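What follows is one structure encoded as structure tokens, with my remarks underneath.
Please treat every number below as a calculation from the coordinates, not as lab data. Just so it is clear, the structure is predicted and the values come from calculations on it, not from any experiment. When we count neighbours, we look across all protein chains shown, and the Cβ atoms used for this are built from the backbone with ideal geometry, even at glycine.
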Amino acid sequence: MRARISCIVLSLLLVVAFGCKPAEKPAEKPAEVKHEIHWGYQGEGAPANWGSLKQEFALCSSGMSQSPIDIAKTYKTKLDTIGAAYKDTPLRIVNNGHAVQVNCEPGSFVTIDEQKYQLLQFHFHAPSEHTVKGAFYDMEMHLVHKNDKGDLAVVGVFMKKGAANKIIQVLWDNLPQEVDKENVVSGISVNASGLLPKDTRYYHYYGSLTTPPCSEGVNWSVVKTPIEVSEAQIEQFRKLMGFDNNRPVLPVNKRFVLESQ
Ligand SMILES: [Zn+2]
């Protein structure tokens, strides 16, 4: 009993001691204020450094379920088809400095794992971010969706050199040269379902955003069959970006990649 009382007294003393300790001074800024390094794909802001650019980006280096990945070992199984119910959306296109992105009006949905996700935007990377057994495709499109709970589902579509793609041409013809300036094109609507291949069997795994803050818990469906775009269309995109905008692949770690049969 006495021991217990001493223990309580000691605890109280400790609380008092620490409670009275003068609050630590907030960390002062270094005398020489360094300019903030923005994330990107080259130089100091390159993918290898994303995790240390900002506290909010820590997962980019510490996360164990990151994207993209090299799709190599898969488990073939019966997966639901991707139920895309996309509607025409007035063309709103922007070069945000990291990718070319089409912003979508509410009302387009995809059903994955019996959950309904709304299409927010789709954007493009060159070369592809995911690789299949180590091989890159020329480009990759990401259709980014969110459900009512705020969970993200991204559908990835590979793009390879071949016939010209009419919808891509409409997008590229309206590419804004100026970064961060959204081009709202009156009179032109696009429908993202025209950018899906007929066969939408896919690879499925849980990963992350492929750009900072690299948030995890993203439901990924990477469609196995690529769509075609012409060499000129690939070049036009690459020329506009001026650099490869793909994050290198990250380790699969303890994840399983499922594959539609
Ligand atoms: Zn992306």
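Please order HIS142, HIS125 by the number of other Cβ within 10 Å, starting at the fewest.
With the sparsest Cβ surroundings first, the list reads HIS142, HIS125.
Using Cβ contacts closer than 10 Å as the measure, can you line up THR210, THR111 from fewest to most?
Ascending number of Cβ neighbours within 10 Å: THR111, THR210.
Hey, what angle do you get for helix 231-241 against the long axis of the chain, alpha-carbon based, 0 to 90 degrees rounded to 10?
30 degrees
Kirkwood Rh and Cα-based Rg: tell me the resulting Rg over Rh for the chain, rounded to two decimals.
Answer for the chain: 1.13.
May I ask for the longest run of the chain untouched by GluC sites (Glu not before Pro) that are loop-located per DSSP and have at most 15 neighbouring C-beta atoms (other than their own) within 10 Å?
Value returned for the longest uninterrupted segment is 183-261.
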